[in-house]
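Let me begin by presenting the structure, written as structure tokens, before commenting on it.
The values are calculated or read from the model by the stated rules, or taken from the named source; none is laboratory data. Remember, predicted model here, so these are calculated numbers, not experimental data. Glycine gets a Cβ as well: all are built from the backbone with ideal geometry, and neighbour counts include every protein chain shown. Side chains are part of the model used for accessible areas, which takes the heavy atoms of the whole protein and leaves out ligands, DNA and RNA. Shrake-Rupley method; radii C 1.70, N 1.55, O 1.52, S 1.80 Å.
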Amino acid sequence: MMGFGKAVACSNIALAKYWGKADAVRNLTAVPSLSLTLAALRTVTSVRFDEALATDELLLAGAPVSGRPLARVIKLLDTVRANAGIQTHARVESLNDFPTAAGLASSASGFAALAMAATRAAGLEPSLREVSALARAASASAARSVYGGYVSLGARAESAERVAEAAAFPLEMLVAVTVAGEKETGSTDGMGHTQDTSPYYRAWVEAAPAIYEEVRRAVLAADFAALGPAVEHSALAMHASMLAARPALIYFAPATLRVMERVRAFRKSGGRAFFTMDAGPHVKVLVEPSAATALELELSKLEGVTQVLRSAAGPDASWIDA
Ligand code: DP6
């Protein structure tokens with residue numbers, strides 16, 4: 001069908017975190033990051049370029065969206081239109097197959113699926129690398145969602161690249177969804193505020209490349225004992241830079257700390273699991289498949305944990321034939 005494209009992309013959770021921009025205009029990251037793509041958190045997006053439309057339209061789960069989310073979508077569409085030499089407006093429909101009420105970040109899978117669908121709808125035939133660069137300009141973590149398995153995005157890199165196939169190191173992620181407090185500051189604003197006001201931001205940027213290298217080496221060696229501590233260190237070092245911002249950016253809720261504590265207790269009793277947190281109160285726990293069921297049960301019993309999602313590693317983003 002002319003002017004139509006549909007695609008699916010999975011979300012990803014960074015094992016080595018990105019926080020901070022080297023170039024805010026081009027959205028190039030200040031530090032390298034490495035993530036695991038998650039099969040259970042998917043976004044399906046369709047784009048239809050239509051001469052009858054006077055403006056671009058965005059529907060999330062069927063509901064029209066305006067303001068900043070729409071502006072970010074229009075910016076990506078403008079790039080696609082410039083590349084394709086067209087001026088037509090588009091209708092974008094996006095659906096997450098995970099509970100969005102949970103407040104889980106969907107910009108990574110969302111912009112990856114949008115970049116896939118929009119290029120196809122515009123009649124372009126981009127490589128995954130080109131789609132990743134397009135998604136990165138909209139939201140840097142989205143660059144990583146174009147690929148499945150373990151994926152890295154270098155500091156100042158245009159696009160992400162695969163580090164290892166999921167099958168080479170089969171880990172799972174438990175997402176402990178916690179009751180949120182006040183509305184959180186989004187990643188883009190949060191990292192800008194950290195860069196502007198936190199005396200620890202510089203220390204984070206200096207430390208991040210070595211932490212990233214540690215994570216990358218452990219992934220390539222499929223060494224969970226080496227990977228886990230580096231993953232926790234990356235998240236906590238990032239949060240330390242946020243905590244030192246003025247005013248402080250505190251993403252932890254009481255239940256966030258409860259989950260972290262339970263993961264540490266799980267390790268003390270001989271289990272192997274490691275936590276990470278992003279710009280929100282939920283805790284993501286990296287675990288070997290053999291231990292996932294037991295830990296999932298333990299986490300779901302904690303006060304303030306509303307739900308535990310379990311996910312294996314996900315595949316590359318892909319186009320869906322209409
Ligand atoms: C804490 O990719 O959402 O999840 O590029 O401004 O859209 P923008 O930021 P975004 O930031 C993600 C931050 C993080 C860590 C990570 O995913 O690496």
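Computed from the C-beta positions of Lys301 and Lys75, the FRET efficiency with R₀ = 41 Å rounds to 0.40. Accessible surface area normalised per residue over the range 108-153 is 23 Å², counting heavy atoms of protein chains with a 1.4 Å rolling probe. When peptides 190-196, 25-31 are sorted by average Cβ neighbour count within 10 Å, with the highest value leading, the order is 190-196, 25-31. Residue by residue, the range 238-245 carries 3J(HN,Hα) couplings of 4, 5, 4, 5, 5, 5, 8, 6 Hz when phi is fed to the Karplus relation 6.51 cos²θ - 1.76 cosθ + 1.60 (θ = phi - 60°); x denotes Gly or Pro.
Amide H to amide H distances under 5 Å link Thr306 with Val177, Thr178, Val179, where only residues 5 or more positions off or on other chains count and H is placed in the peptide plane. With a Förster radius of 41 Å, plug the Cβ-Cβ distance of Phe4 and Thr293 into 1/(1 + (r/R0)^6) and report the FRET value to the nearest 0.05. Once the sixth-power term is evaluated, E becomes 0.50. Highest-first packing order for the peptide set 257-264, 67-74 is 257-264, 67-74, based on the mean count of other beta carbon atoms within 10 Å.
Here the gap between Val25 and Lys268, fully extended at 0.36 nm per residue and compared with their Cα-Cα distance, gives a gain of 82.9 nm. Percent of C-alpha pairs per 10 Å bin in the chain, short distances first: 6, 28, 35, 23, 7, 1, 0. Peptides 268-275, 13-20 ranked from most to least packed by the mean count of surrounding Cβ atoms within 10 Å: 13-20, 268-275. Karplus-derived 3J(HN,Hα) values for the range 215-232, using 6.51 cos²θ - 1.76 cosθ + 1.60 with θ = phi - 60°, are 5, 4, 4, 5, 5, 5, 8, 6, 10, 5, 5, 7, 5, x, x, 5, 5, 5 Hz; glycine and proline are entered as x. Between the amide H of Leu38 and those of Ser11, Asn12, Ile13, Gly314, distances stay under 5 Å, these residues lying 5 or more places away or on another chain, with hydrogens modeled in the peptide plane.
In the full protein context, the range 15-98 carries 45 Å² of accessible surface per residue, based on a 1.4 Å probe and ignoring ligands, DNA and RNA. The calculated 222 nm mean residue ellipticity attributable to helices in the chain amounts to -12500 deg cm²/dmol, summing -39500 (n - 2.57) over DSSP H runs of n ≥ 4 and dividing by all residues.
Heavy-atom surface analysis with a 1.4 Å probe gives the chain a carbon and sulfur content of 54 percent of its accessible area. Quick one: work out the % antiparallel among DSSP beta bridges in the chain, nearest 5. Taking every DSSP beta bridge within the chain, about 95 percent pair in antiparallel fashion. Taking max minus min of the alpha-carbon positions on each principal axis, the range 21-176 gives extents of 49, 32, 27 Å, largest first. Distance between the 7 Å Cα→Cβ label points at Ala84 and Ala167: 3.4 nm. In this rough spin-label picture, where each label sits 7 Å from Cα along the Cβ direction, the Ala63-Ala240 distance is 3.9 nm. The Rg/Rh ratio for the range 128-178 is 1.05, where Rg is the radius of gyration of the alpha carbons and Rh is the Kirkwood radius. Pairs of Lys residues in the chain are counted when their Cα atoms are under 27 angstrom apart and they lie 8 or more places apart or on different chains; the count is 14. Stokes-Einstein diffusion for the range 175-322, with the hydrodynamic radius set to the Kirkwood value over Cα pairs and evaluated at 10 °C in a medium of 1.306 mPa s, equals 95 µm²/s.
Computed 3J(HN,Hα) for the range 81-91, one whole-Hz value per residue from the Karplus formula 6.51 cos²θ - 1.76 cosθ + 1.60 where θ = phi - 60°, is 4, 4, 5, 8, x, 10, 10, 5, 7, 10, 10, glycine and proline marked x. The calculated FRET efficiency for Trp319 paired with Glu261, based on their beta-carbon distance and R0 = 45 Å, is about 0.55.
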